[in-house]
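Enquirer: Here it is, the structure, as structure tokens.
Derivation of every value follows stated rules applied to the coordinates shown; laboratory data play no part. All values reported here derive from a predicted model rather than from experimental measurement. Here the Cβ is made from the backbone with ideal geometry for all residues, glycine too, and neighbour counts use every protein chain on show.
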């Protein structure tokens with residue numbers, strides 16, 4: 001079972017969300033006994049990609065859900081078996097490890113079938129006939145292993161045995177009439193009977209009780225193409241055991257197999273287990289390799305995935321399945337929203353310009369120097385969220401922390417900001433959906449759902465050719481997810497203002513909140529660059545007033 005802390009920002013992550021998660025994961029790994037890993041809930045934008053590449057940091061893996069998955073459970077780590085091994089060997093493995101089912105895999109460890117005790121014993125009783133070795137294509141190696149035999153003479157590189165199985169317990173004259181070329185015959189120490197078998201060109205002669213075979217007999221066997229092995233068992237025991245040399249592929253179940261992936265949700269596989277009621281089921285990894293078996297008792301677990309949230313505390317912005325997870329901490333600089341926890345947690349919320357400012361403070365307050373990469377990421381996030389300290393959300397603490405981080409990362413904030421904003425604001429080659437969702441958040445105010453996207457750009461004219469298509473997309477977004485107001489902020493980083501585009505049945509809220517006139521679905525808001533501090537509060541106030549009236 002994984003004991004891991006997932007550090008996650010919000011959906012549709014911006015630079016602060018990703019950078020704060022990566023940096024805080026580093027902080028937790030320096031201060032906690034439980035390993036932490038930064039994850040993301042969506043695709044990163046161009047700006048964040050530039051930041052990660054600049055400081056040589058890999059993109060965090062995506063986390064689809066924190067609901068309990070098969071891979072989170074302590075499944076039985078069973079080593080699968082090859083299809084060519086004998087029933088006897090499989091049975092010994094089952095007894096030694098107290099197993100009832102074994103997965104059978106190919107050379108790539110991909111599932112081929114299942115061998116269970118019930119199918120092994122049932123098939124062993126049902127399939128007996130004297131041509132079973134031929135039908136199952138049993139190898140000489142399996143027969144030797146099953147009978148604890150020694151090879152006396154092996155004809156050819158890979159002998160196969162196509163005849164029936166016999167025990168030579170009759171007189172040589174009777175034996176001659178019963179034996180055919182290619183048969184497998186168990187014989188005692190009667191040399192005359194052995195000569196008859198070799199003359200008949202049986203494919204395999206098995207001598208019992210570890211009898212020696214003369215050199216002359218070996219030479220005759222070579223000429224007639226007869227393989228000879230010697231077993232320490234008596235004739236009865238050898239006859240009883242030999243059928244156990246059949247390969248497991250002959251009796252395994254290989255149709256309509258039910259198996260689970262480590263990514264499958266526990267809540268989904270419960271019903272399948274109830275309907276099928278097998279004792280256990282194979283589990284495969286991301287490469288379709290069998291890694292173990294799962295049974296119903298494995299589902300009895302109080303394990304929950306551990307989550308630390310950064311840069312958000314709204315359920316709608318968090319990872320799916322959060323209600324089934326254990327929230328350990330929240331590090332944020334936004335308004336307190338609707339996240340609820342079952343136990344007290346560490347909640348750090350500060351009115352600063354960036355979550356990364358708070359994360360950096362965690363390092364410095366504990367006397368820990370962040371790595372150059374983490375310092376660079378946090379510095380970039382502060383520059384991004386505060387628009388190089390120009391945003392009204394900027395505080396003296398942001399400025400102070402940014403200075404310390406730039407020294408550790410060895411960057412000039414102005415030069416780096418110019419490169420970052422240029423890389424991040426390019427709209428070239430993007431679809432309207434990609435542009436809109438690169439930083440889009442939804443809010444529920446007094447029961448009214450609104451959505452606000454923000455796009456920073458150094459070239460507003462580059463947006464004009466796709467303006468109409470964008471408005472159509474926003475209208476569709478409003479209808480599809482029942483948003484009463486959908487806003488796109490096209491923020492001019494250099495001139496410090498935002499062109500607002502608004503659609504939806506409540507778009508008049510924009511005019512009242514900002515005292516502007518919406519013409520052709522747009523208006524310019526000078527000095528407005530912060531969604532959190534300059535857009536959401538006025539909209540919230542106006543909606544609340546309208547609700548009361």
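Enquirer: Want the number for residue 176 to residue 343: 0.36 nm per residue separation, take away the alpha-carbon distance, what's left?
Expert: On the way: separation 167, 0.36 × 167 = 60.12 nm, distance 8.48 nm.
Between residue 176 and residue 343, full extension yields 51.6 nm more.
Enquirer: So what is the relative contact order for the chain, in percent, with contacts set as C-alpha pairs under 8 Å and at least six apart?
Expert: Details: 1079 pairs, mean separation 82.9, N = 549.
Computed value for the chain: 15 percent relative contact order.
Enquirer: Rounded, prolate or oblate, given the Cα gyration tensor of the range 128-245, with a/c below 1.5 counting as rounded? Display every interim value, and only then the final one.
Expert: Numbers: a/c = 1.23, a/b = 1.17, b/c = 1.05.
Here the range 128-245 falls in the rounded category.
Enquirer: Right, next: Beta carbons within 10 angstrom, averaged per residue: use that to sort the peptides 182-192, 378-388, 198-208, 294-304, highest first. The partial results should precede the final answer.
Expert: Details: 182-192: 18.7, 378-388: 27.8, 198-208: 22.5, 294-304: 13.7.
Top to bottom by mean Cβ count within 10 Å: 378-388, 198-208, 182-192, 294-304.
Enquirer: Sequence gap at least 6, Cα distance under 8 Å: using those rules, report the relative contact order of the range 128-245 to the nearest whole percent. Intermediate values should be presented prior to the final figure.
Expert: Values: 235 pairs, mean separation 37.0, N = 118.
Relative contact order, the range 128-245: 31 percent.
Enquirer: Oh, and also: Could you work out the helix-only [θ] at 222 nm for the chain, with each DSSP H run of four or more residues adding -39,500 (n - 2.57) and the total divided by the number of residues, to the nearest 500 deg cm²/dmol? Could you put the intermediate results ahead of the total?
Expert: Working: 19 runs with 194 residues, N = 549.
After summing the helix terms and dividing by the residues of the chain, the value is -10500 deg cm²/dmol.
Enquirer: Only one of the values [x] 24.2, 79; [y] 26.5, 83; [z] 36.4, 116 was calculated from this structure for Rg and Dmax of the Cα atoms in Å; name its label.
Expert: Only one listed value fits the structure, namely [z].
Enquirer: Can you tell me the FRET efficiency between residue 169 and residue 216 if r is taken as the Cβ-Cβ distance and R0 is 25 Å, rounded to the nearest 0.05?
Expert: Working: r = 24 Å, r/R0 = 0.96.
Using R0 = 25 Å, I get an efficiency of 0.55.
Enquirer: Using DSSP, restrict attention to beta bridges with both residues in the chain and report what percent are antiparallel, rounded to the nearest 5. It would help to have the intermediate numbers written out before the result.
Expert: On the way: 36 of 76 bridges.
Just about 45 percent of them are antiparallel.
Enquirer: Take peptides 365-372, 433-440 and line them up by average Cβ neighbours within 10 Å, highest first, as a rough protection proxy.
Expert: Values: 365-372: 12.9, 433-440: 19.0.
By packing density, highest mean first, the sequence is 433-440, 365-372.
Enquirer: Considering only DSSP beta bridges whose two residues both sit in the range 128-245, what percent are antiparallel, to the nearest 5? Mind showing how you got there, number by number?
Expert: Values: 3 of 14 bridges.
Counting only bridges with both partners in the range 128-245, antiparallel ones make up about 20 percent.
Enquirer: Let me ask another. What number, in percent, do you get for the relative contact order of the range 266-401 if the mean sequence gap of Cα pairs under 8 Å and at least 6 apart is divided by its residue count? Please list the in-between numbers first.
Expert: Details: 165 pairs, mean separation 20.8, N = 136.
Averaging sequence separation for qualifying contacts and normalising by length gives 15 percent for the range 266-401.
Enquirer: Another question about this same structure. Would you mind putting 138-148, 246-256 in packing order, based on average other-beta-carbon counts within 10 Å, highest first? Write down the numbers at each step before the final one.
Expert: Details: 138-148: 20.1, 246-256: 17.2.
Top of the packing list down: 138-148, 246-256.
Enquirer: How many angstrom lie between the C-alpha centres of the range 346-406 and the range 193-270?
Expert: 71 Å
Enquirer: Compute the convex hull volume of the Cα atoms of the range 353-411, divide it by the residue count, and report the result per residue in Å³ as a whole number. Please report the intermediate quantities before stating the final value.
Expert: Details: hull volume 3.6 nm³, N = 59.
Hull volume over Cα atoms, normalised by residue count, gives 61 Å³.
Enquirer: Okay, next question. Gap in Å between the Cα centre of the range 1-48 and the Cα centre of the range 501-549?
Expert: Rounded to whole Å, the Cα centres lie 33 Å apart.
Enquirer: Would you mind estimating how fast the range 432-548 diffuses translationally, via Stokes-Einstein at 37 °C and 0.692 mPa s with the Kirkwood radius over Cα pairs, in µm²/s?
Expert: Reported coefficient: 232 µm²/s.
Enquirer: While we're on this one: So if R0 is 35 Å, what FRET efficiency would residue 302 and residue 62 give, r being the distance between their Cβ atoms, rounded to the nearest 0.05? Please report the intermediate quantities before stating the final value.
Expert: Working: r = 27 Å, r/R0 = 0.76.
That gives a FRET efficiency of 0.85.
Enquirer: I've got another one for you. When DSSP assigns beta bridges and you keep just the ones with both residues in the range 264-386, what percent turn out antiparallel, to the nearest 5? Could the numbers behind the result be given before it?
Expert: On the way: 4 of 13 bridges.
That works out to approximately 30 percent antiparallel.
Enquirer: At 0.36 nm per residue, minus the direct Cα-Cα distance, what do residue 274 and residue 418 gain on full extension? Give it in nm, one decimal, please.
Expert: Details: separation 144, 0.36 × 144 = 51.84 nm, distance 5.97 nm.
So the extension gain works out to 45.9 nm.
Enquirer: Full-extension gain between residue 76 and residue 468, please, as 0.36 nm times their residue separation minus the C-alpha to C-alpha distance.
Expert: Numbers: separation 392, 0.36 × 392 = 141.12 nm, distance 5.71 nm.
Length difference between fully extended and current span is 135.4 nm.
Enquirer: With each pseudo-label sitting 7 Å past Cα toward Cβ, what's the residue 326-residue 93 distance in nm, one decimal?
Expert: That separation, rounded to one decimal, is 3.6 nm.
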